[in-house]
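> If you scroll down you'll find the structure; I have some questions about it.
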Amino acid sequence: MTSFASRAPINEWSTNRKYAVIIDAGSSGSRIQVYSWRDHSLAASFANQTELSSLPRIEKGVESGEDWMMKVHPGVSSFADDPSEIGEKHLKELYAYALKIVPADQVKETPVYLLATAGMRLLTEDQQEDILEEACEYTQDHTDFLLPECESHFQVITGETEGLYGWIAINYLLGGFDAKTDGNHHTYGFLDMGGASAQIAFVPNKTEAAAHKEDLTLLRLRTLEGETKEWQVFVSTWLGFGANEARRRYLESLAKGKVDQISGHFLDPCKPKGLVETVASTKDKKVISAEGSGNLNECLTRLEPLLSKNAPCPDPPCLFAGVHVPSIDFDINHFIGISEYYYSTQDVFGLGGAYDYHTLSNAVENYCSREWVDILQDLADGQYPSGVEQKKLEEVCFKASWMMNVLHDGIGIPRVTKEFSTDSSSHNGTEELREGARIKGFDGAFNSAESLAGTEVSWTLGKMVLYSSSSVESSNAEPVGFGPNSVDHTMFQIAGELESNYQRPGLAHRVHQNGASALVLCLCIIALLLYIIKGPRKASLMAGMSYFWHKNQRKIIGARGDQSYERVMEEGDAEEERQFQMGQLGRSSLTRSAVFSNGLARSSSQLRLSRSSKDGSDDEGVKRS
């Protein structure tokens with residue numbers, strides 16, 4: 001076996017340290033990150049009771065500095081036409097980087113994960129499987145990383161899984177898991193807005209949790225002393241409600257209005273005055289020319305119908321677009337928003353972090369009402385923060401307005417910040433969490449963030465918290481992971497390698513596939529025997545049957561994986577993406593209807609069971625643009 005050389009030095013910090021490698025495979029590129037933690041047994045021997053009752057401490061893979069991650073371009077989905085190239089042209093550089101961090105004597109004990117999002121969700125099932133299989137085989141052949149099987153380590157994850165990992169990450173960083181999980185303690189809620197979708201994850205209060213038990217996902221983690229903790233989390237996605245898709249839908253609605261007789265353009269109140277934009281409608285390819293009129297109040301009025309708050313609600317209660325969400329108690333549910341929730345408030349206005357509606361709306365109103373030529377002059381004069389480009393300035397009026405629209409008219413975040421009551425009997429939250437929120441500056445119903453506790457918010461951290469937690473030895477037989485909030489363990493996602501007594505998703509499939517392969521072999525043997533006994537004619541008939549089975553077994557017995565509802569956090573055309581949102585995904589980590597049994601799943605009969613093979617998206621839509 002050919003392996004990359006590992007040059008990572010061994011020092012006191014790395015002694016008795018465990019590592020894990022994860023590749024965040026988006027559409028524009030892949031980012032490899034190396035996480036680490038102190039050996040659990042050793043850490044427990046030096047821990048006090050507070051530390052013992054907390055989750056294991058996760059750190060970067062290096063003692064200091066930021067050299068623990070790197071990104072390469074393009075994304076893994078670009079290898080759809082030639083998957084065999086993914087190893088040498090993509091993974092080789094990533095692994096060489098990771099092996100300079102992980103000590104040589106730890107490589108065989110270091111798990112590696114490649115979890116694909118974004119562009120991979122738009123590929124066909126066969127393309128997904130080919131890429132993942134090639135990537136896994138290359139990893140097994142060229143590295144010594146711990147990779148017991150490909151099914152759970154190399155996969156396309158659902159948007160809901162990505163959201164759950166994000167929820168774990170923010171609560172881990174903010175101490176939401178630290179206090180006891182009694183009826184009074186509560187965690188932080190998680191909001192994410194990308195280019196094509198918006199997402200929510202939170203733990204409802206006791207009353208709502210009891211009323212919507214079947215809609216929740218059971219999450220189980222393990223503390224340093226081996227005790228399990230459980231949370232019942234609600235996760236849901238609004239496809240087509242990300243900032244870029246909302247913009248597309250908005251322009252199409254704008255084109256239904258009247259053209260301004262003076263300018264000859266449609267007037268767009270969601271752009272600075274004088275900014276002219278020409279785009280083609282995705283429906284009829286009609287060219288739309290819109291000129292900014294810079295009126296925030298009119299903009300918000302125009303945006304409100306796009307929330308589809310009057311859409312049928314098959315499973316009440318619903319927030320907007322007919323999506324079922326348990327009622328939110330903002331006294332205890334304090335939300336952290338990432339991606340567009342942060343970028344649209346921070347990049348131009350410098351108001352990311354602690355959120356105040358009136359301060360932001362005034363800043364947005366002043367910006368949107370300005371003349372576009374003056375904004376361009378300020379850009380040329382260096383009046384905006386470094387990194388802010390013209391494209392950002394063109395879009396921020398709409399994106400900030402849409403974010404506020406979703407936040408307040410959609411989700412229902414109060415526009416006026418509610419002060420915490422000093423009467424401890426008037427709320428369901430805990431004083432410990434509220435005090436911690438005050439100290440961290442997250443004591444309002446909503447705050448935006450790019451990083452927390454000095455660490456960039458990344459869903460990959462949530463995955464690592466799960467894995468590290470699962471590796472704590474315990475006499476408790478209940479595995480760490482997540483799945484349906486029921487006694488049925490068949491769809492429970494095991495987080496690590498230790499709990500092998502529980503069936504991993506995909507195991508039944510492999511048995512099924514192996515059985516199919518055995519049948520093919522059986523047919524071949526029968527054909528050979530017939531050739532010997534009866535001659536070539538009957539033998540060729542059986543061989544033809546065997547060939548037909550081999551070529552069409554995917555259609556006959558079903559493709560790998562389950563029908564899944566996928567979140568697509570990308571820039572691009574959700575009109576196409578909506579066509580695949582209930583499509584089959586070969587290695588998706590969850591079955592939407594089985595695991596995330598919320599309103600979208602319950603109304604899934606209204607969704608089309610087809611998929612788009614066009615990739616008009618880019619996960620950079622959720623990053624700075």
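The values are calculated or read from the model by the stated rules, or taken from the named source; none is laboratory data. The model shown is predicted, which means the values in this text are computed figures rather than measured ones. Note that we place each Cβ from the backbone using ideal geometry, even for glycine, and neighbour counts take in every protein chain shown.
> Exactly one condition in (1) buried (at least 22 other Cβ atoms within 10 Å of the Cβ); (2) over 22 Å from Ala209 (Cα atoms); (3) within 23 Å of the chain's Cα centre (by Cα); (4) modelled with pLDDT of 85 or more is false for Val480; which is it?
Of everything listed in (1) buried (at least 22 other Cβ atoms within 10 Å of the Cβ); (2) over 22 Å from Ala209 (Cα atoms); (3) within 23 Å of the chain's Cα centre (by Cα); (4) modelled with pLDDT of 85 or more, Val480 misses just condition (2).
> So Glu252 clears everything in (1) outside any helix (DSSP H, G or I); (2) free of Cβ contacts under 8 Å to residues at least 60 places away in the same chain except one condition, right? Which one?
Looking at each condition in turn, Glu252 falls short on (1).
> Output the residues belonging to segment 212-231 that are closer than 15 Å to Trp167 by Cα and either part of a loop (DSSP other than H, G, I, E, B) or not hydrophobic (A, V, I, L, M, F, W, C) (or both).
Result: Leu216, Thr217, Arg220, Glu230.
> Identify all residues within segment 107-152 that are over 24 Å from Asp81 (Cβ atoms), modelled with pLDDT of 95 or more and part of a helix (DSSP H, G or I); write none if there are none.
Passing the criteria: Val107, Lys108, Glu109.
> Additional query: Just wondering, is there one or more residues in segment 425-437 that are under 13 Å from Gly353 (Cα atoms) and either modelled with pLDDT of 85 or more or surrounded by 17 or more Cβ atoms within 10 Å (Cβ to Cβ) (or both)?
Yes; the residues of segment 425-437 include at least one that is under 13 Å from Gly353 (Cα atoms) and either modelled with pLDDT of 85 or more or surrounded by 17 or more Cβ atoms within 10 Å (Cβ to Cβ) (or both).
> Another one. Go through (1) touching a residue at least 40 places away in the same chain (Cβ under 8 Å); (2) touching a His at 6+ places or on another chain (Cβ under 8 Å); (3) more than 21 Å from Ser77 (Cβ to Cβ); (4) of a type in the set (A, V, I, L, M, F, W, C) for Leu147 and report which single condition fails.
With (1) touching a residue at least 40 places away in the same chain (Cβ under 8 Å); (2) touching a His at 6+ places or on another chain (Cβ under 8 Å); (3) more than 21 Å from Ser77 (Cβ to Cβ); (4) of a type in the set (A, V, I, L, M, F, W, C) applied to Leu147, the lone miss is (1).
> Mind checking whether some residue in segment 117-127 is crowded, with 19+ Cβ neighbours inside 10 Å and of a type in the set (Lys, Arg)?
Of all residues in segment 117-127, those crowded, with 19+ Cβ neighbours inside 10 Å come to 117-123, 125.
This time we only want the ones that are of a type in the set (Lys, Arg), so: 121.
Among the residues of segment 117-127, at least one is crowded, with 19+ Cβ neighbours inside 10 Å and of a type in the set (Lys, Arg), which makes the answer yes.
Rundown of residues vs (1) in contact with a Ser or Thr (Cβ under 7 Å, 6 or more places away or on another chain); (2) part of a loop (DSSP other than H, G, I, E, B); (3) under 22 Å from Asn447 (Cβ atoms), yes/no style:
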{"site": "Gly337", "(1), (2), (3)": "yes, no, yes"}
{"site": "Tyr343", "(1), (2), (3)": "no, no, yes"}
{"site": "Phe349", "(1), (2), (3)": "no, yes, yes"}
{"site": "His358", "(1), (2), (3)": "no, no, yes"}
{"site": "Leu376", "(1), (2), (3)": "no, no, no"}
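> For Tyr367, are the conditions met, namely being touching an Asp or Glu at 6+ places or on another chain (Cβ under 7 Å) and either closer than 20 Å to Arg415 by Cα or part of a helix (DSSP H, G or I) (or both)? Give the steps one after another, and end with the answer.
On the way: touching an Asp or Glu at 6+ places or on another chain (Cβ under 7 Å): no; either closer than 20 Å to Arg415 by Cα or part of a helix (DSSP H, G or I) (or both): yes.
So Tyr367 fails the test.
> Just to verify a result, which residue in segment 360-392, among those that are of a type in the set (Asp, Glu) and over 21 Å from Ser293 (Cβ atoms), is surrounded by the most Cβ atoms within 10 Å (Cβ to Cβ)?
By that ranking, first place goes to Glu389.
> Is at least one residue of segment 16-24 part of a loop (DSSP other than H, G, I, E, B), of a type outside the set (A, V, I, L, M, F, W, C) and either modelled with pLDDT under 90 or under 18 Å from Glu109 (Cβ atoms) (or both)?
yes
> Another one. Would you check which residues across segment 166-225 are among the β-branched types (Val, Ile, Thr) and at pLDDT 90 or above and list them?
Ile168, Ile170, Thr187, Ile200, Val203, Thr207, Thr217, Thr223
> Testing Ser339 on (1) over 25 Å from Ala209 (Cβ atoms); (2) modelled with pLDDT of 95 or more, one condition comes back false. Which one is that?
Ser339 satisfies all of (1) over 25 Å from Ala209 (Cβ atoms); (2) modelled with pLDDT of 95 or more except (2).
> Could you tell me which numbered condition Gly159 fails, if it satisfies all but one of (1) touching a helix residue (DSSP H, G or I) at 6+ places or on another chain (Cβ under 6 Å); (2) within 29 Å of Ala198 (Cβ to Cβ)?
Failing condition for Gly159: (1).
> Only one residue in Ser41, Ser84 is closer than 26 Å to Val472 by Cα, hydroxyl-bearing (Ser, Thr, Tyr) and either in a helix (DSSP H, G or I) or modelled with pLDDT under 95 (or both), so which one is that?
Residue meeting the stated conditions: Ser41.
> With respect to Ile58, determine if the residue is without any contact (Cβ under 8 Å) to a residue 60 or more places away in the chain and in contact with a helix residue (DSSP H, G or I) (Cβ under 6 Å, 6 or more places away or on another chain).
No, not satisfied.
> Suppose the filter is more than 30 Å from Gly240 (Cα to Cα), of a type in the set (Ser, Thr, Tyr) and either modelled with pLDDT of 95 or more or over 27 Å from the mean Cα position of the chain (by Cα) (or both); does Ser361 pass it? Step through it out loud before you land on a result.
Numbers: more than 30 Å from Gly240 (Cα to Cα): no; of a type in the set (Ser, Thr, Tyr): yes; either modelled with pLDDT of 95 or more or over 27 Å from the mean Cα position of the chain (by Cα) (or both): yes.
For Ser361, the condition - more than 30 Å from Gly240 (Cα to Cα), of a type in the set (Ser, Thr, Tyr) and either modelled with pLDDT of 95 or more or over 27 Å from the mean Cα position of the chain (by Cα) (or both) - is not met.
> As an exercise: evaluate Arg57 against (1) part of a helix (DSSP H, G or I); (2) within 26 Å of the chain's Cα centre (by Cα) and give the number of the one condition it does not meet.
Against the list (1) part of a helix (DSSP H, G or I); (2) within 26 Å of the chain's Cα centre (by Cα), Arg57 comes up short only on (1).
> Residue under question is Cys299, and the condition is that it be in contact with a Cys (Cβ under 8 Å, 6 or more places away or on another chain) and either among the hydrophobic types (A, V, I, L, M, F, W, C) or buried (at least 16 other Cβ atoms within 10 Å of the Cβ) (or both); does it hold?
yes
> Turning to a different aspect of this structure: Looking at (1) over 27 Å from the mean Cα position of the chain (by Cα); (2) buried (at least 16 other Cβ atoms within 10 Å of the Cβ); (3) in a helix (DSSP H, G or I), find the lone condition where Glu395 falls short.
Failing condition for Glu395: (1).
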